[in-house]
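I have placed the structure first, in the form of structure tokens, so that the comments after it can refer back to it.
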Amino acid sequence: MLDIRFVRENPDAVKENIKKKFQDSKLPLVDEVIRLDAEKRATQQEVESLKAARNKLSKANGPLFGQLKKCEDEAKKAELQAQIDANNAAVKADADRMAELDKRQAELEDKIRDIMYTIPQMIDPSVPIGPDDSANVEVERFGEPVVPDYEIPHHVDIMQSFNGIDKESAGEVAGMGFYYLLGDIARLHEAVLAYARDFMIDEKKFTYVIPPFMMHGNVVKGVMSFPEMEAMMYKIEGEDLYLIGTSEHTMIGRFIGKTLSEADMPLTLTSYSPCFRKEVGSHGLEERGVYRIHQFEKQEMIVVCKPEESMEWYDRLWKNSVELFRNLEIPVRQLECCSGDLADLKVKSCDIEAWSPRQKKYFEVCSCSNLGDAQARRLGIRIKGEDGKTYLAHTLNNTCVAPPRMLIAFLENHLQADGTVTIPKVLQPYMGGKAVLVPNKK
């Protein structure tokens, strides 16, 4: 969400940014919001003028009342009373007009806010320009992608070889997009989360948090754009509560309306949560596998920092993901998201993609985003400096790991020709010391 003053003073830059995001249908909104803002400011000026006039009239009545009380001349008394009555009538007329103006001002504020929620954040100059994810740019690869000389089955088939997944029963219980994980696969799922948690706490020194898994509507509107909200969020019927689609939402929501001390910056947090998503839209659910589903678990990274530090933290966050996946011996690459693939609140974003030897291509496993001051502006998150002045914070987030999607990359890259799955050394303590998983005999 942009500052209305920035839009007012830089309309051409805002329009150019909209064009870069290939959202030309939003171009008229810039002129419209500037017009509404001008009317709102004019309305406010009229209200202030009326208040001054009302106060002047009310103040003038004081001496008139005093004169009326002392006056013995009937004609003069009538004249004074007429002046008082005229002043009272003018005060009432001013009050009635101010009530009308206050109502109009509230209407204008709502309209302006709705439009400002729709105008996208200014993207960073380094963001590549393109209409959609087909224009995303590979930046760097980490680890050598390998295609073994034996077949890599579908990840569900690998899991089933360990009696590790039951989607059929889950479908009967909850419908498509859910799953049961069992045995070694369930343990592997939790081992990856536990390792990611400890990696962020012990090696990266982030503070561990378990947040609420539901949030109010005002937090939803503060942390995400409306298209995302409609496509993702589950609402609790009859209550002002939504299930989170990622712990980023309630982690940032924790600071709503707060002024943070500059001395405490940056706040570096890592959170665990289940995540719930409707997955409405072009992607939809994956019918057979567990890549795109309604329910999953995730370890997340969150940073709240000073504006001048946010790009440095952006680089540190995505590199954390690369390091973690390389520790798990999974080849990955960084993919820079182009302008048309950025959600409206994002300044800059990249995906970390893992290598799939079965598909012979990379697929997304982490998403790192710098949201600038967009979320902070919506939620009123400010930082107070040593000079006593306050300014908006910057917020960032990045996926640490999100199984079971991450398990797809893990199983495919560690599957051996005999059907066993090797366990990297860093993960073995979380798997009871096991160095290899052996499938069940048929």
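For this structure, a couple of remarks:
- Between the Cα long axis of helix 405-414 and the first principal axis of the chain there is an angle of about 20°, rounded to the nearest 10.
- Taking all protein chains as shown and a probe of 1.4 angstrom, residue 326 keeps an accessible surface of around 90 Å².
- Relative to the dominant Cα principal axis of the chain, helix 183-198 is inclined by about 50°.
- Loop-located GluC sites (Glu not before Pro) in the range 207-267 whose Cβ has at most 12 other Cβ within 10 Å (DSSP): 237, 239
- Per residue value of the accessible surface for the range 133-290 (all protein chains in place, 1.4 Å probe), Å²: 50 Å²
- Computed over the range 316-442, relative contact order equals 21 percent, with contacts defined as Cα pairs under 8 Å that lie 6+ residues apart.
- Carbon plus sulfur fraction of accessible area for the range 86-180, probe 1.4 Å, in percent: 50 percent
- Restraint check, 205/360; 278/361; 20/40, Cα-Cα greater than 31 Å: 205/360
- Solvent-accessible area assigned to carbon and sulfur over the range 283-429 amounts to 42 percent, based on a 1.4 Å probe.
- Prolate/oblate/rounded label for the range 177-233 (Cα gyration tensor, a/c 1.5): oblate
- Loop-located GluC sites (Glu not before Pro) in the range 101-193 whose Cβ has at most 15 other Cβ within 10 Å (DSSP): 151
- Note that the range 333-442 presents 35 Å² accessible area per residue, ligands and nucleic acids not counted, probe 1.4 Å.
- Mean separation of Cα pairs under 8 Å and 6 or more residues apart, divided by the residue count, gives the chain a relative contact order of 19 percent.
The values are calculated or read from the model by the stated rules, or taken from the named source; none is laboratory data. All values reported here derive from a predicted model rather than from experimental measurement. Virtual Cβ from ideal backbone geometry, glycine too; neighbours counted across all protein chains shown. Remember, those area values only see protein heavy atoms, side chains included, never the ligands or the DNA or RNA. Shrake-Rupley method; radii C 1.70, N 1.55, O 1.52, S 1.80 Å.
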